[in-house]
Amino acid sequence: MAGLAAAGGQWALIGVAVLFGVGYGAARAGLDVSVQGGLESSLRASGAAIQYTAHDLLIGLGSWGLGWWAGVAGYGAMYGAVSGITLVGLVGWLMAGRFLYQRAPRRPA
């Protein structure tokens, strides 16, 4: 996202968007595996439903709020804000993962 905030031309924007898409796809697949791998087999359907509902809800709320921010401050500021939000989320996810996996060891599927 920081690349999108700083992209100076059309080809730079396309290149950064492709790179973002590949990274997002890998991160999304990793998140799916992490969530499903941490649940008992009887709870995996419920876990997937909660995960995708939260994902869709945050996409809707994020696009509404960030769309407003883009209208006020411009697209560069919006992509910069998304970069900051993503960084905070990454740090939180890493910290939560360390805490959760220390407390609850993985169970075999």
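Please treat every number below as a calculation from the coordinates, not as lab data. Just so you know, these numbers come straight off a predicted model, no measurement behind them. Here Cβ is always computed from backbone atoms with ideal geometry, including for glycine, and neighbour counts include all displayed protein chains.
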Compute the length gained on full extension between residue 33 and residue 19: take 0.36 nm times their separation in residues and subtract their Cα-Cα distance, giving the result in nm to one decimal.
-> 2.9 nm
HN-Hα J in Hz across segment 65-74 - Karplus 6.51, -1.76, 1.60, θ = phi - 60°, x for Gly and Pro = x, 6, x, 4, 5, 5, x, 7, 10, x
Taking neighbour Cβ counts within 10 Å as the exposure measure, how do 16, 35, 72 sort from fewest upward?
-> 72, 35, 16
